[in-house]
Amino acid sequence: MRDDLRGIWCIIEKDMKTYYSKPPAISWGIVFPVTWVLAFYLRNPVDFKGLVPGLVAMTALFSTTAAEAVVINFELRLGSLERLLLAPISMMAILLGKILGGTVFGLFMSSAVAVICAILLNIHMDWASFFSILLPALLAFSAMGSLLCLMVREVFEAQTLLNLPRFVMVFLSGVIYPLEAMPRALQFVAHLLPLTYAVKGFRDASDLNQGAPIALQAMVLMAFFLLFLFPAAKLLSKKFE
Amino acid sequence: MATPTAIKASGLVKRYGDLVAVDSISFDVEKGESFGFLGPNGAGKTTTIRMLTGLSKPTAGKAELLGLDVGSNATRTKGFTGAVPEVSNLYDELTALENLLFMGKLYGVANTERHMRAEALLELFRLQEKRDRPFRTLSRGMKRALTIAAALIHNPKILFLDEPTVGLDVMAARSLRKVIKELHDQGMTIFLTTHYLEEADILCDHIAIIVKGRIVAIERPEKLKEMAIKEQAVEFTVSGDASTLVEPLAALTGSKPIIVNSSTLRCSGTTNRLLPHICRAVQDAGAEIVSVNTIRPTLEEAFVRITGLSPTVMATEKGGK
């Protein structure tokens, strides 16, 4: 257990140092969410406040998954992931290290967007509630990213594959269009997507509160995390058979 | 008292669908021994090393390291083994020193010791001047050396080397072999795979020859050579045309000599018996002997004799990085 914890920390530390400045992490993890935020603000500054929870959730989604593509696929391509597998730590610890690396990257990005928006737009945020949604959301997105990234080898393949769920979620999870305005069938689909619960949770954490219990959203996001984590571990194990 | 076993493979099998990559192989490696796995590309060498290091699960059979079953104790066995994969796969963005320190930290080496060992390894592999250079900027030989150094950062008891010198120039390969020999002399158990016959001959106490997933021989290099060649050969050069000596020598020795070039012949047989015949035949022909060499059997000849394969299959270069 101690070895695994040490391994997880080593991997996070090394990934932060090695990969966070890589072009794919910057373009998909930082530039893309910032561009979207600005685009929506410039289009309609008056109603922009209502979009903030969705844009924070979207930033969390893009930054974590972009980071996963870099920390996993660069190492798959160069064979460095095998180095970690040769160390005296479990495969689950390696995967958790990779997932938490993406989570830390997403934490910086989403927190920055949330804090800046809260200050500039005078949104009252219950920060304890905000982080109790942000952390499980980041874990769920990061685990989803790792699962998809392990299905391919190259970084560009991973980013392409990730765009499918990313864009589906952006349009169906209430980031831009309110869920209530969507047809019933799409509302049903939306409730199968983790981003929906992150958007709801962030709304509940702000003064744009919809009144839903925050713990429920957090629990659903944790369930998504586990749902993605175990198949990802299986896939990683299979990859090195 | 029996020497303790460092590595024990019992009936190891690895199948990928219908393909049998490793077919029920068994062998023991004693502590402090340097054991070579010799075979052509695709023979099952890397698959074996992956099973022994716990990277891959055997389809059947068991691997033990220092008495511990790798399958059920992989985390523990990884703690006292160092493994160098075929590809030099350290982190491009980290410097030589940072790579070593990261690996040390991953293996739980204490901070002070980690720094001391990293510096010592950089010195051992003559990489001190490159300590602050990113891995990606190093030459292929330096990358290989640093990858081996990284596998030694936690002072392992057993070192696995998968094709350690593949793709390196002669000087870099020679330098690495020297370090591997030094590690072996210090008592480290070394398991290496290679498709270079010369490398196996120089570095290994025992050699297992593996072909198509099966071990066809395990012996000391000298013994393998003896198994292959029962008779010695004598090669001699004369002052004139050697071809005129072929028939008289065939009559005297009972076997036809091989023409090496216009002035050199090779005869097979026992040296004591051959030399008087050669001297007589040369004298009768009115020629003079310029030089005489006893030809010792090589591992290459042993390999050909044992496996029935052409030595060219071993000369095929692998795409190492």
*Taking only the C-alpha atoms, wrap a convex hull around chain B and report its volume per residue in Å³ as a whole number.*
169 Å³
*Counting every Cα pair in the stretch A:116-241, what percent are over 27 Å apart?*
25 percent
*Modelled FRET efficiency - R0 56 Å, B:D205 with A:Q187, Cβ distances, 0.05 increments*: 0.20
*Hydrodynamic radius (Kirkwood) for the stretch B:233-294, which is based on Cα pairs only, to one decimal in Å*: 11.0 Å
_Give me the 1.4 Å probe accessible area per residue for chain A, excluding ligands and nucleic acids, in Å²._
42 Å²
_If packing is taken as the average number of other Cβ atoms within 10 Å across a peptide's residues, how do B:88-98, B:126-136 rank, most packed first?_
B:88-98, B:126-136
_With a 1.4 Å probe and all protein chains left in place, how much of the accessible area of the protein assembly as shown comes from carbon and sulfur atoms, in whole percent?_
59 percent
*Just list whichever of B:K157/B:K178; A:K239/B:K181; A:K239/B:K212; A:K14/B:K8 have alpha carbons separated by over 25 Å in the model shown.*
A:K239/B:K181; A:K14/B:K8
*For B:T112 paired with B:C279, estimate the spin-label separation in nm (one decimal), with each label point 7 Å from Cα along the Cα-to-Cβ line.*
7.1 nm
*With a 1.4 Å probe on protein heavy atoms only, tell me which residues of the stretch A:76-90 lose at least 50 Å² of accessible surface in the complex relative to the chain by itself.*
A:L78, A:E82, A:R83, A:L86, A:P88
*Which value, in square angstrom to the nearest 100, describes the accessible area buried between chains A and B on both sides, using a 1.4 angstrom probe?*
2500 Å²
*Could you name every residue in the stretch B:67-91 that has 50 Å² or more less accessible surface in the full protein assembly than in its own chain alone (probe 1.4 Å, ligands and nucleic acids excluded)?*
B:T75, B:K78, B:N89, B:Y91
*In deg cm²/dmol, rounded to 500, what helix-only [θ] at 222 nm does the protein assembly as shown give when every DSSP H run of at least 4 residues adds -39500 (n - 2.57) and the total is split over its residues?*
-17000 deg cm²/dmol
*What's log10 of I(q)/I(0) for the protein assembly as shown at q = 0.05, 0.07, 0.09, 0.13 Å⁻¹, Debye sum over Cα points only, no solvent?*
-0.32, -0.55, -0.78, -1.19
*Would you work out which of A:W36, A:F171, A:A93 lies farthest towards the positive end of the dipole of chain A, given +1 charges on the beta-carbon of Lys and Arg and -1 on that of Asp and Glu, about the Cα centre?*
A:A93
_Amide N proximity, the stretch A:64-105 versus A:I26 label position 7 Å along Cα-to-Cβ, cut-off under 18 Å_ = A:64, A:66-71, A:74, A:105
_What's the ranking of B:159-171, B:276-288 by average number of surrounding C-beta atoms within 10 Å, highest first?_
B:159-171, B:276-288
_Euclidean distance between Cα centres, the stretch B:34-108 to the stretch A:1-63, Å_ = 35 Å
*Shielding by partners for B:52-62, please: the mean number of other protein chain Cβ atoms within 10 Å of each residue's Cβ.*
2
*Accessible area per residue of chain B at 1.4 Å probe, in Å²?*
46 Å²
_Selection from B:N99, B:T46, B:Y16 lying farthest towards where the dipole of the stretch B:1-136 points positive, charges on Cβ_ = B:Y16
_Nitroxide proxy distance, nm - points 7 Å out along Cα→Cβ at B:L19 and A:L120_ = 5.4 nm
*Please figure out what share of the DSSP beta bridges in chain B is antiparallel and state it in percent, rounded to the nearest 5.*
65 percent
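The values are calculated or read from the model by the stated rules, or taken from the named source; none is laboratory data. From a predicted model like this one, the values you see are computed outputs, not experimental measurements. All Cβ positions, even for glycine, are placed from backbone atoms using ideal geometry, and neighbour counts span all protein chains on display. What goes into the accessible areas is simple: the full protein's heavy atoms, side chains included, and nothing from ligands, DNA or RNA. Shrake-Rupley method; radii C 1.70, N 1.55, O 1.52, S 1.80 Å.
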